[in-house]
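Below is one structure, written out as structure tokens; comments come after it.
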Amino acid sequence: MDTGVGMGMTIGDAAKASGVNAKLIRYYESIGLIPEAGRTVSGYRVYSPSEVNVLRFVKRARTLGFGIERIQRLVGLWQDRSRCSSEVKRVALEHIDELEAKIAELAAMRDTLRELADACHGDERPECPILRDLAG
């Protein structure tokens with residue numbers, strides 16, 4: 001089949017190969033995270049193996065909790081063969097700092113809820129320190 005843009009994968013094939021669903025692929029294109037795919041003569045998107053590799057990269061970065069802006073930066077660094085690894089490390093360390101802050105925040109929430117749950121008798125009485133705390 002002559003696609004008009006060379007042989008490539010359909011969006012469904014790219015989704016299967018990358019593990020990124022088609023809706024997300026279209027979204028990533030719309031925000032410029034990945035380049036817009038080439039189109040067949042009949043208008044279907046087609047993806048090259050290198051574009052599928054970018055999708056895999058993005059998916060892995062998302063599983064590590066990176067936000068879109070940082071992923072854009074990382075994709076740019078990944079594709080820049082003249083980059084310094086120190087730039088990549090700086091992006092990772094910034095993300096680690098944010099993750100550690102979130103972990104501390106979650107631990108504080110857990111500890112507060114544990115104290116409230118421990119203070120609650122959990123019986124038939126209506127008095128409940130958990131609800132009292134939530135009510136302010």
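Which of the numbered conditions does Arg56 fail, given that it passes all the others? Conditions: (1) open to solvent by 90 Å² or more (accessible area, probe 1.4 Å); (2) farther than 18 Å from Ser18 by Cα.
Unmet condition: (2).
Conditions first: (1) open to solvent by 30 Å² or more (accessible area, probe 1.4 Å); (2) in a helix (DSSP H, G or I). Ala14 passes all but one, so which condition is the exception?
Among (1) open to solvent by 30 Å² or more (accessible area, probe 1.4 Å); (2) in a helix (DSSP H, G or I), Ala14 violates only (1).
State all residues of the stretch 30-55 that are in contact (Cβ under 8 Å) with a residue 24 or more places away in the chain and at positive phi; if no residue qualifies, say none.
Passing the criteria: only Gly32.
Which members of the stretch 23-48 meet the condition of being open to solvent by 30 Å² or more (accessible area, probe 1.4 Å) and either hydrophobic (A, V, I, L, M, F, W, C) or part of a helix (DSSP H, G or I) (or both)?
Correct list: Lys23, Leu24, Arg26, Tyr27, Ser30, Ile31, Val41.
The values are calculated or read from the model by the stated rules, or taken from the named source; none is laboratory data. Everything quoted here is computed from the prediction, not taken from an experiment. Glycine gets a Cβ as well: all are built from the backbone with ideal geometry, and neighbour counts include every protein chain shown. Ligands, DNA and RNA are stripped out before the accessible areas are found, and what is left, the full protein with its side chains, is counted by its heavy atoms. Shrake-Rupley method; radii C 1.70, N 1.55, O 1.52, S 1.80 Å.
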